[in-house]
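See below for the structure under consideration.
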Amino acid sequence: MSVSDYANPTPIHGAAVAAILKLLNAQRLMTLACNRADGRPQAATLGYLNDGLNLYFVTARDSEKLRNITADPRVGVAIRGEAGEGEAVGVSIDGRAEEVTDGDEVERLNDLIIARSPDVSPYAPGGDSVAVVKVIPELVEAVAVVDGRSRAQTFSIGDPDRVVHGVSYEPSAVARLF
């Protein structure tokens with residue numbers, strides 16, 4: 001990945017959205033990186049729920065992670081999976097994080113996780129109070145394996161809700177990036 005890929009990313013297209021959604025829907029763990037107050041990175045692996053390209057996670061209200069995100073909402077996320085030839089095998093997401101404070105939105109997310117995983121108890125932090133955090137992607141670097149070699153493409157997202165609207169994909173179908 002060159003610096004110019006980040007300076008002039010390709011606008012995301014329907015096939016890339018479908019491939020990335022297939023990967024996000026198949027996985028449940030991500031590594032989240034945020035910035036500590038002194039500039040050192042903090043990385044943590046945690047469970048997530050995706051709704052389209054937006055990612056959600058729960059953290060303790062008194063966690064260092066929430067303090068860091070509140071001070072600097074820029075985050076990085078990495079998700080790795082397994083895929084066939086030409087399919088998304090991993091994504092790195094640059095985005096911003098914000099706490100979800102709307103009660104109706106939290107209820108909708110609870111319903112979504114129960115519908116997707118009724119037999120699985122989602123990872124939840126200890127403590128008396130938790131926060132729901134939304135990661136809004138701005139740039140996505142998707143990696144696929146093509147002819148036995150890794151190939152990456154950086155995409156600009158724009159409005160993540162708009163780019164998934166109207167994308168027709170079947171999670172079990174092959175969704176190619178390239």
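Taken together, Val75, Val91, Val100 contain a single residue that is free of Cβ contacts under 8 Å to residues at least 60 places away in the same chain and under 21 Å from Asp159 (Cα atoms), which is Val100. Taking each residue of segment 25-48 that is of a type in the set (Ser, Thr, Tyr) and looking for partners that are loosely packed, with under 14 Cβ neighbours inside 10 Å and assigned to a strand (DSSP E or B) with beta-carbon atoms closer than 8 Å, six or more apart or interchain, yields Thr31/Ala43; Thr31/Thr45; Thr45/Leu29; Tyr48/Leu29.
Against the numbered list (1) at pLDDT 75 or above; (2) open to solvent by less than 60 Å² (accessible area, probe 1.4 Å), Arg149 comes up short only at (2).
The values are calculated or read from the model by the stated rules, or taken from the named source; none is laboratory data. Nothing here was measured: the structure is a model prediction, and the numbers come from that model. We place every Cβ from the backbone using ideal geometry, glycine too, and count neighbours over all the protein chains shown. Protein only, heavy atoms only, side chains kept; ligands, DNA and RNA dropped before computing areas. Shrake-Rupley method; radii C 1.70, N 1.55, O 1.52, S 1.80 Å.
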